[in-house]
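Worksheet: one structure, shown below.
The values are calculated or read from the model by the stated rules, or taken from the named source; none is laboratory data. Since the structure is predicted, the reported quantities are computational estimates derived from the model, not experimental observations. Backbone-built Cβ (ideal geometry, glycine too); neighbour counts: all protein chains shown.
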Amino acid sequence: MAETVPVKSAGIHRDRFAQLTIYIAAFMVCAAFVWILSDIVRGGVAHLSWSFLVDAPRDAGRAGGIGPILVSTVLVLLVALTAALPLGWMTAALLAEYVSADSTFGSAVRYSLQVLAGVPSIVFGLFGNAFFSIYLGMGFSILSGGLTLACMLLPILVSTGEAGLRAVPDAYRLSAAALGMSRKTTLFHLLLPAAAPSLAAGLLLGIGRAVAETAALLFTSGYVDRMPGSLLDSGRTLAIHIFDLSMNVSGGDASAHASALVLITALLLINIAAMRLTAGWQRRKIVPE
Amino acid sequence: MLWLLCGAAGIAAALVLLILLFLSAESWPALRHISIGRFLNDPSWNPGESMYKLTPMLSGTLYAAGGALLLAIPLGIASALFIAYYASPRGAGIYRHLIELLAGIPSVVYGFWGLTTLVPLINQLHPPGASLLAGILVLTLMILPTIALTAHASLLSVPPDYLRGAAALGISRWGMIRGVALPAAKTGIAAGIILAAGRAIGETMAVLMVTGNVVQHAASLFDPIRTLAANIALEMPYAMGDHRAALFVSGLTLMLLVMMLWSVAAQLGRNRDG
């Protein structure tokens, strides 16, 4: 018996040590998160005001506000969503409802979406510049930036949409078929409404991704910080504004901090809303044991 | 109706081909004029005098991504273990949300934070501050969520019977994790690490803002470097002719590198399912 005691206590020590290490790692990640957030909030909150949100930038962004930049950001986002939503959700419906998982077409689509999800955003920027801006002649414009973003959003919209549709119980489809409903009616009146929370979560995640994007927009939607007159004008998004202020404009740090605060607040709200939706949807999906 | 859906899916699938096509078409002038060897053997990167040595950028990319992985893998796996086995249900939920929010912070904000907080700190330690180390630290924070969330997902998919069996044998918690849970989840964790490597290699803005962007092979952690992606973002606005084509070549290289990594990850995922 005497021999087993040291072995056991060694095990306990190892256990305690592992636990300590893991707690320290978790604490470090939390600390980094709080550090980043508090730096951004502390640096930006003094400069933030209503007039900062609506005024036009002056003196290359050192003074004035971010009014036109917010407008450009929203316009780029709207273009991206208008293009990506129908395409993404139709693809999701096809993958979930019409083709089997191992058909050639289905797996080809799924494979290329996977690849698309991994393409670095700077590569999307190069592609958008070559295809939308130059080949299709859109130039540096909100339209070409938005369409480039649409390509980036497709994978996330399709994967959340497909997961949402697949989570709808088969009983819905069987009952609809028993009632003689066509597949189209079933899809529009039964399956899509049932999958709505997941579609909405995907939409919010997509919006978050789009608002956060910088590299893909650098050489597609451009740097111009005036109020855009049309979709063919160049427009600077909030993320690019932060980049430009901190890298190319000396003395722009206060405005950059405030812009970063606006961006990060918007993103946190969007992401929290998306998490709420997914959590609610999973709670309904999982049958309590 | 079905045709409409197929059309939409076809467009989605064709996008990858379209991207590859346009990158190749734009790279073609460079690939025709400049032999592949010159991207490796030219004396320097100086497109004005048509010298196109990409190796310093390649080494910068690999150092930054490798360093970030070295830090993010233990932190990410520890985070996943914390959520799965150590934290109370409430604590685990909060911590998981925090990691998800960390994943949602835009790269330009990471870059800005690195530039205003990390770089001055590193500068006090060892000038100039904008360095490989700053890039590694920022990248670590950016890829940690990918590793933590995929590792957690694969820990969740470890059959509960394994864990109950381990508990019934009276194995300690760490023994159960090391002997049962981690081996059972290892392919999923590996796939997550590969995805994170892909992100680290392709990341542009944050790295561009904190690494100083000097084209050189880094001799120490405190040397400034320039990555392939940062090089594209820096020089695209004024690049013409062969220079522009050379940037597209580096973009194509990045895309192929990431596609390769993703194929490996997908393969791992498939083996785990099978």
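Would you say A:I22 is of a type in the set (V, I, T) and more than 21 Å from the chain's Cα centre (by Cα)?
yes
Restricting attention to the stretch B:229-248, which residues are outside any loop (DSSP other than H, G, I, E, B), in contact (Cβ under 8 Å) with a residue 40 or more places away in the chain, surrounded by fewer than 19 Cβ atoms within 10 Å (Cβ to Cβ) and over 24 Å from the mean Cα position of the chain (by Cα)?
Matches in the stretch B:229-248: B:G241, B:D242, B:H243.
Filter the stretch B:16-56 down to residues that are within 22 Å of A:I122 (Cα to Cα) and outside any helix (DSSP H, G or I), then give me how many there are.
5
To keep it simple, each residue is scored yes or no on (1) surrounded by fewer than 20 Cβ atoms within 10 Å (Cβ to Cβ); (2) of a type outside the set (A, V, I, L, M); (3) within 13 Å of chain B (Cβ to nearest Cβ).
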residue	(1), (2), (3)
A:Y135	yes, yes, yes
A:L153	no, no, yes
A:G164	no, yes, no
A:D170	yes, yes, no
A:R173	yes, yes, no
A:A176	yes, no, no
A:G180	yes, yes, no
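What is the number of the single condition among (1) hydroxyl-bearing (S, T, Y); (2) surrounded by fewer than 24 Cβ atoms within 10 Å (Cβ to Cβ); (3) away from chain B (no Cβ under 11 Å) that A:T278 does not meet?
Checking A:T278 against (1) hydroxyl-bearing (S, T, Y); (2) surrounded by fewer than 24 Cβ atoms within 10 Å (Cβ to Cβ); (3) away from chain B (no Cβ under 11 Å), the one that fails is (3).
Identify the residue in the stretch B:1-44 that is β-branched (V, I, T) and more than 7 Å from chain A (Cβ to nearest Cβ) and, among all such residues, is farthest from the chain's Cα centre (by Cα). Step through it out loud before you land on a result.
Step one: of the stretch B:1-44, the residues β-branched (V, I, T) are B:11, B:16, B:19, B:34, B:36.
Right, trim to more than 7 Å from chain A (Cβ to nearest Cβ) and you get B:34, B:36.
Details: B:I34: 29, B:I36: 25 Å.
Among those that are β-branched (V, I, T) and more than 7 Å from chain A (Cβ to nearest Cβ), it is B:I34.
Could you give me the residue pairs with C-beta distances under 7 Å whose first residue belongs to the stretch B:126-141 and is within 14 Å of B:G66 (Cα to Cα), whose second residue is of a type in the set (D, E) and surrounded by fewer than 21 Cβ atoms within 10 Å (Cβ to Cβ) wherever it lies, and which are 6+ apart or on separate chains?
Pairs that qualify, where the first residue is within 14 Å of B:G66 (Cα to Cα) and the partner is of a type in the set (D, E) and surrounded by fewer than 21 Cβ atoms within 10 Å (Cβ to Cβ), are B:L132/B:D223.
Being closer than 30 Å to A:L187 by Cβ and either more than 8 Å from chain B (Cβ to nearest Cβ) or in contact with a Leu (Cβ under 6 Å, 6 or more places away or on another chain) (or both) narrows it down to one residue among A:G208, A:G235, A:G229, A:G252; which is it?
Numbers: A:G235 fails: closer than 30 Å to A:L187 by Cβ; A:G229 fails: closer than 30 Å to A:L187 by Cβ; A:G252 fails: closer than 30 Å to A:L187 by Cβ.
On inspection, the qualifying residue turns out to be A:G208.
Closer than 19 Å to B:L252 by Cβ and not in a strand (DSSP E or B), is that true of B:A219? Steps first, please.
Values: closer than 19 Å to B:L252 by Cβ: no; not in a strand (DSSP E or B): yes.
Spelling it out, it is not the case that B:A219 is closer than 19 Å to B:L252 by Cβ and not in a strand (DSSP E or B).
Test B:M57 against the stated conditions and say whether it is within 25 Å of B:D242 (Cα to Cα) and surrounded by 15 or more Cβ atoms within 10 Å (Cβ to Cβ). It would help to see each step written out before you state the result.
Working: within 25 Å of B:D242 (Cα to Cα): yes; surrounded by 15 or more Cβ atoms within 10 Å (Cβ to Cβ): yes.
In short, yes.
Identify the single condition in (1) more than 7 Å from every other protein chain (Cβ to nearest Cβ); (2) under 20 Å from B:A8 (Cα atoms); (3) in contact (Cβ under 8 Å) with a residue 24 or more places away in the chain that A:L116 does not satisfy, given that it satisfies every other one.
Unmet for A:L116, out of (1) more than 7 Å from every other protein chain (Cβ to nearest Cβ); (2) under 20 Å from B:A8 (Cα atoms); (3) in contact (Cβ under 8 Å) with a residue 24 or more places away in the chain: (1).
Out of the residues in the stretch A:58-72 that are at pLDDT 90 or above and surrounded by 23 or more Cβ atoms within 10 Å (Cβ to Cβ), state the one that is nearest to the chain's Cα centre (by Cα).
Within the stretch A:58-72, the subset at pLDDT 90 or above is A:66-72.
Retained after the next criterion (residues that are surrounded by 23 or more Cβ atoms within 10 Å (Cβ to Cβ)): A:66, A:69, A:72.
Numbers: A:I66: 22, A:I69: 19, A:S72: 18 Å.
Result: A:S72.
Examine the stretch A:218-233 for a residue that is over 28 Å from B:T117 (Cβ atoms) and among the acidic types (D, E), and state whether such a residue exists. Write out each step before concluding.
From the stretch A:218-233, those over 28 Å from B:T117 (Cβ atoms) are A:219-222, A:224, A:226-233; that's our starting set.
After this cut, where a residue has to be among the acidic types (D, E) as well, the list is A:233.
Checked the stretch A:218-233: at least one residue is over 28 Å from B:T117 (Cβ atoms) and among the acidic types (D, E).
Where residues in the stretch B:101-141 are of a type in the set (S, T, N, Q) and either under 20 Å from B:L62 (Cβ atoms) or buried (at least 24 other Cβ atoms within 10 Å of the Cβ) (or both), which of them is modelled with the highest pLDDT?
Kept after step one, since they are of a type in the set (S, T, N, Q), are these residues of the stretch B:101-141: B:107, B:116-117, B:123-124, B:131, B:140.
From what's left, either under 20 Å from B:L62 (Cβ atoms) or buried (at least 24 other Cβ atoms within 10 Å of the Cβ) (or both): B:107, B:131, B:140.
Working: B:S107: 93, B:S131: 93, B:T140: 96.
Among those residues, the one meeting the criterion is B:T140.
Given (1) touching a residue at least 60 places away in the same chain (Cβ under 8 Å); (2) at the interface with chain B (Cβ under 8 Å from one of its Cβ atoms); (3) surrounded by fewer than 24 Cβ atoms within 10 Å (Cβ to Cβ), identify the lone condition not met by A:A93.
(3)
Taking helices (runs of 4 or more DSSP H) that do not extend beyond the stretch B:88-131, which have at least 3 residues that are over 23 Å from A:A260 (Cβ atoms)? Can you show your working first?
Details: elements: B:89-104, B:107-113, B:119-125.
Correct list: B:89-104.
Looking for whichever is assigned to a helix (DSSP H, G or I), closer than 22 Å to A:A216 by Cα and modelled with pLDDT of 95 or more here; the options are B:A12, B:A80, B:A72, B:A65. Which one fits? Reasoning before the result, please.
Working: B:A12 fails: modelled with pLDDT of 95 or more; B:A80 fails: closer than 22 Å to A:A216 by Cα; B:A72 fails: closer than 22 Å to A:A216 by Cα.
Matching residue, one of B:A12, B:A80, B:A72, B:A65: B:A65.
Let's see how each residue does on (1) on the phi > 0 side of the Ramachandran plot; (2) out of contact with any Lys or Arg (no Cβ under 7 Å at 6 or more places or on another chain); (3) modelled with pLDDT under 90; (4) assigned to a helix (DSSP H, G or I):
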{"site": "A:M181", "(1), (2), (3), (4)": "no, yes, no, no"}
{"site": "A:L199", "(1), (2), (3), (4)": "no, yes, no, yes"}
{"site": "A:A210", "(1), (2), (3), (4)": "no, yes, no, yes"}
{"site": "A:L217", "(1), (2), (3), (4)": "no, yes, no, no"}
{"site": "A:R226", "(1), (2), (3), (4)": "no, yes, yes, no"}
{"site": "A:L267", "(1), (2), (3), (4)": "no, yes, no, yes"}
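Select the helices (runs of 4 or more DSSP H) contained entirely in the stretch B:132-180, then report the ones holding at least 3 residues which are among the β-branched types (V, I, T) and within 14 Å of the chain's Cα centre (by Cα). Before the answer, list the steps.
Numbers: elements: B:132-156, B:160-168, B:173-176.
So the answer is B:132-156.
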